[in-house]
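Novice: Let me begin by handing over the structure; questions about it come next.
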Amino acid sequence: MIFVITEHKDNKLKSITSEALVLAQRVGQDFGQPITAIVLGSNVSGLVDELKTKQIDRVVVAEHPDLAEYSPDRYVEALKTILGNEKPFLVIAGHTTQGIDFAPRLSVSLRRPLIAGCVDYEKQGDKLLLTRQVFNAKMNIKTGLRGDPPCFATVSPGAFSTDDLKAGGSAEVVSVSLQFSGPVRRKLIERIEAQKGKVDLTAAPIIVAGGRGLKEKDNFKIIFELADSLGASVGASRPVVDSEWLAREYQVGSSGQTVSPKLYFAVGISGAIQHLVGMQTSRCIVAINKDVEAPIFKVAHYGIVDDLFKVVPALTKIFNDLKLG
Amino acid sequence: MKIISCIKPVPDPASRLIINESKTWIKESDLTFVASEADNYSLEEALRLKEKHQGEVVILSMGGDEAARVLRSGLAMGADRGIHLLDPKFKGADEFAAAETLAKAIEKDGGADLVLAGVLSDDLGTGMTGVMLAEFLGYAHATVVIGVEADPAAKTLKVRRELEGGINETVELPFPAVLTIQFGINQPRYASLKGIMAAKKKELKAWSATDLGLSDNLVGKAGAMYEVKELFVPARKSRVEIITGTAEEAAAKLVEKLRKEAKVI
C-alpha cells in the first residue's frame, strides 16, 4: 500500500498533495500497489469528497480537535498509530514546511529511510529507486533504499504536474478514531497570514518577477503594470528585497518562496542559484535581460536580450490590448 | 543556557563540482570546504542568545580536517568550545546516520537546552538532519525559524517559523529543543583578530564512534538508510529560444509564442 499524507488549508487540498498523488499513482501502477490518502484534521468532510474523485483506493480519515491545526507531536503520534496497523510500501508527504517538519521524526522513530525532495523515480527489478536533488538543484542523486519497505518520501513542489492526476476513483472511506496519550510540546500561538492584497506566490499561475536590473525602487512600477496587464502576481529576487524596494514576502528563491507557476517572467534577474532553485520548475520561463551571459537564460524557455525598459512596456501594451488582466 | 550549534562542512559554493569516477559522489580531494551557509546563521543566533541570556555555546561538527577548520572558525566567531566528531567510520553518512551520531555526541556532552542547526545544507540540502536529531534526542523542535525568543527561567521558547506564501507562525515550545534556522534571520559576524587569537586557547576535543558508544553498523555509510546509486546532472528539458528584433517586435513575437506554442496564456 502507498500512503499519501494530505496537506490542506481551509478545507481545500493543497496543490502539493495532488502532486504527491501523481507520484503515488505512477509508483502504484508500476509496483502493483494500491493507494490510500490519509487526512488528519477536524471537520474535513469536504476534503474527503474531493479525494474520492481521484483514482485512489482508500481514504483514511482521522478527525480530532487536536488535529484542527497542524501539530508535529500529534501528526507523528497519529501517523504512527495509523501506519502501525498497515503494511506500507511507500509513505509520501509534501516537501513543504509541514512535510519536512514531521516526516524526519517518523523516519527516525520507525528506523526507516526517508528520501526528501523527490523529483523522479525508477523501477529496477522489484526495487524502487527514488531520485532527488542535491547541491542546490545543480545535480540529482538516484538512491537505493536499505532493507525492506516501507520507506518515506517527500515530494519536491513542482516536480510532478497536477495535470497528470488521474480522476475517476471510487475510494472507500475509512474513519479512524484516535486517542492521544503523548504530550503536545509545541503549541501554535498565532499564524500571521500574508497581508491583504498579497498573493500566495506558491499558488499563482503567472508571476512577473523583477531583479536588480530594474536599477531603482520607482522603476518597479513597470513590473506591477506588466503583472496587472496579465492578471499576474509580482515576485522579486533577493537583491530587490535586501534593498527594500519590496517587502520580503515577494522574494522568490531559496530564502523566499519556491514557486512553480505555468508562466514566470524573470525581468532584470541574472539568475543566482538561490533564485533559480525557487523557480526553475515553472512550466514556462521567460527571461528579459540585456546580458546574454546571465545564468537565467540557462533555465529560460524564451529569452529577449534587450533593454527591459523598452521590452516590458511593449509587452504591457500588447497584453492590455488583449485584455488578459 | 547551554546551546549547541551544529556546523556542516560543505564544498565552497564557488567551487566547480566534478562527479567522481564511480558516479556516486563528487571528487572531494581538490575542494575547499566551508561551513554550510545556513549554519553561519544558526551559529550567529546561538551567539546572540548567549550574549542576551549568558551560558555557553558549544559547536559540533563531523568530518576530517574540513570539520576541524569550520570548528576553528566557529571558535573564532565566539563559540566557547568545540567537539569534533572524527573517525574514518563516519564517512558516507546520510542524514539519518549523521543525526544519530550527532545525537550521541550531544548526549555524551550532557545534553543542551537548545540545539541549533541551519535549515538545510548546501550539499544534501533537504533540511532533514535537524528534525531527525530532535527525534533521536527526544527533544521538541521547530523548523524554518526566523525569530527566537528564549525564556531561560521558564525554560520555554517562542519562535517564529516562515511558512509558504509569506505566512509566518509563532509557536511555543519547551526546553530542550532543536531549531532549524532559516537564512537571513540575522547578519552573521566575522571573526575578529582578537577572536582568532582567543580561539587558539579554546577547548576542541575529538570523539570517535567508540567514544560515543556507537557500533560500526550505525555510523557512516554502514549506518545510512540509503546509498547513492548515481550522481548526475539532470538533462535540461528545454533550451532557451532567443527572440530577436526591436523591443516591440520581440515583445509581439513572444506573446504569439506564449499563446500558440507554450499555450500558457
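Novice: Quick one: how many residues across the range A:258-301 are among the hydrophobic types (A, V, I, L, M, F, W, C) and more than 11 Å from chain B (Cβ to nearest Cβ)?
Specialist: 5
Novice: Answer yes if at least one residue in the range B:99-106 is acidic (D, E), touching a Phe, Trp or Tyr at 6+ places or on another chain (Cβ under 6 Å) and more than 18 Å from B:H53 (Cα to Cα), and no otherwise.
Specialist: yes
Novice: Considering every residue within the range A:223-231, establish whether at least one is at negative phi, within 14 Å of another protein chain (Cβ to nearest Cβ) and of a type in the set (S, T, N, Q).
Specialist: Yes, the range A:223-231 contains a residue that is at negative phi, within 14 Å of another protein chain (Cβ to nearest Cβ) and of a type in the set (S, T, N, Q).
Novice: Something else: I'd like to check which helices (runs of 4 or more DSSP H) are fully inside the range A:206-325 and have at least 3 residues that are touching a strand residue (DSSP E or B) at 6+ places or on another chain (Cβ under 7 Å), under 25 Å from A:G158 (Cβ atoms) and modelled with pLDDT of 95 or more.
Specialist: Answer list for the range A:206-325: A:221-230.
One line per residue, one yes/no per condition, for (1) within 30 Å of B:S73 (Cβ to Cβ); (2) in contact with a Cys (Cβ under 7 Å, 6 or more places away or on another chain); (3) hydroxyl-bearing (S, T, Y):
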residue: B:N168; (1), (2), (3): no, no, no
residue: B:Q187; (1), (2), (3): yes, no, no
residue: B:I196; (1), (2), (3): yes, no, no
residue: B:K202; (1), (2), (3): yes, no, no
residue: B:T244; (1), (2), (3): no, no, yes
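Novice: Something else: Within the range B:211-265, which residues are under 22 Å from A:L145 (Cβ atoms), of a type in the set (K, R) and at the interface with chain A (Cβ under 9 Å from one of its Cβ atoms)?
Specialist: If the condition is that a residue be under 22 Å from A:L145 (Cβ atoms), of a type in the set (K, R) and at the interface with chain A (Cβ under 9 Å from one of its Cβ atoms), then B:K229 is the only one that fits.
Novice: I'm checking my understanding of the structure. Among residues of the range B:13-30 that are within 12 Å of another protein chain (Cβ to nearest Cβ) and within 21 Å of the chain's Cα centre (by Cα), which one is surrounded by the fewest Cβ atoms within 10 Å (Cβ to Cβ)?
Specialist: B:A14
Novice: Return the pairs, sorted by first residue and then second, in which the second residue is in a helix (DSSP H, G or I) and surrounded by 17 or more Cβ atoms within 10 Å (Cβ to Cβ), the first residue lies in the range A:307-325 and is free of Cβ contacts under 8 Å to residues at least 40 places away in the same chain and of a type in the set (D, E), the beta carbons are less than 7 Å apart, and the residues are 6+ apart or on different chains.
Specialist: A:D307/B:A247
Novice: When A:I38 is evaluated against the numbered criteria (1) of a type outside the set (K, R); (2) within 14 Å of chain B (Cβ to nearest Cβ); (3) buried (at least 20 other Cβ atoms within 10 Å of the Cβ), which criterion, by number, is the only one it fails?
Specialist: (2)
Novice: Here is a further query. Select from the range A:177-205 the residues that are within 8 Å of chain B (Cβ to nearest Cβ) and modelled with pLDDT of 90 or more and write down the one among them that is farthest from the chain's Cα centre (by Cα).
Specialist: The qualifying residue farthest from the chain's Cα centre (by Cα) is A:R185.
Novice: State whether one or more residues within the range A:143-164 are assigned to a strand (DSSP E or B), surrounded by 15 or more Cβ atoms within 10 Å (Cβ to Cβ) and among the charged types (D, E, K, R).
Specialist: No - not one qualifying residue is present in the range A:143-164.
Novice: I'd like to verify a number: residues in the range A:105-127 that are surrounded by 22 or more Cβ atoms within 10 Å (Cβ to Cβ) and over 21 Å from the mean Cα position of the chain (by Cα), how many?
Specialist: Total meeting the criteria: 2.
Novice: Something else: Looking only at the range A:54-104, count how many residues are assigned to a helix (DSSP H, G or I), within 14 Å of another protein chain (Cβ to nearest Cβ) and either β-branched (V, I, T) or surrounded by fewer than 19 Cβ atoms within 10 Å (Cβ to Cβ) (or both).
Specialist: Of the residues in that region, 3 qualify.
Novice: While we're looking at this one, here's another question. Give the range A:148-192 a look and list any residue that's more than 26 Å from A:V76 (Cβ to Cβ) and out of contact with any Ser or Thr (no Cβ under 6 Å at 6 or more places or on another chain), or say none.
Specialist: Result: A:S161, A:D163, A:D164, A:K166, A:G168, A:G169, A:S170.
Novice: Scan B:A67, B:A134, B:A98 and give me the residue that is assigned to a helix (DSSP H, G or I), in contact with a Ser or Thr (Cβ under 6 Å, 6 or more places away or on another chain), within 12 Å of chain A (Cβ to nearest Cβ) and among the aliphatic types (A, V, I, L, M).
Specialist: B:A98
Novice: Does any residue in the range B:28-42 that is without any contact (Cβ under 8 Å) to a residue 12 or more places away in the chain come within less than 9 Å, Cβ to Cβ, of a residue that is small (G, A, S) and in a loop (DSSP other than H, G, I, E, B) six or more places away or on a different chain, and which pairs are these?
Specialist: Listed pairs, sorted by first residue: B:D30/B:S15.
Novice: Looking at (1) more than 23 Å from B:L85 (Cα to Cα); (2) surrounded by 14 or more Cβ atoms within 10 Å (Cβ to Cβ); (3) more than 10 Å from chain A (Cβ to nearest Cβ), which one does B:Y190 not meet, given that it meets all the others?
Specialist: (2)
Novice: Here's something else I'd like to know. Taking the condition at pLDDT 95 or above, surrounded by 15 or more Cβ atoms within 10 Å (Cβ to Cβ) and within 21 Å of B:S121 (Cβ to Cβ), does B:G223 pass?
Specialist: yes
Novice: Take B:T126 and decide whether it is under 30 Å from A:Q251 (Cβ atoms) and either of a type in the set (F, W, Y) or assigned to a strand (DSSP E or B) (or both).
Specialist: no
Novice: Let me ask you something else. Need pairs with beta-carbon distance below 7 Å; first residue farther than 17 Å from B:A251 by Cα and within the range A:288-303, second surrounded by 22 or more Cβ atoms within 10 Å (Cβ to Cβ) and of a type in the set (V, I, T); sequence gap 6+ or separate chains.
Specialist: A:I296/A:I269; A:V299/A:I285
Novice: What number of residues within the range A:112-136 satisfy the criterion of being at the interface with chain B (Cβ under 8 Å from one of its Cβ atoms) and out of contact with any Ser or Thr (no Cβ under 6 Å at 6 or more places or on another chain)?
Specialist: Total satisfying the criteria: 8.
Novice: Moving to a separate point now. Look through B:D87, B:D151, B:D123 and report the one residue that is among the acidic types (D, E) and under 18 Å from B:D39 (Cβ atoms).
Specialist: B:D123
The values are calculated or read from the model by the stated rules, or taken from the named source; none is laboratory data. Since we're looking at a predicted model, the values are computed, not measured. Counting neighbours? That spans all protein chains shown, and the Cβs are built from the backbone with ideal geometry, glycine included.
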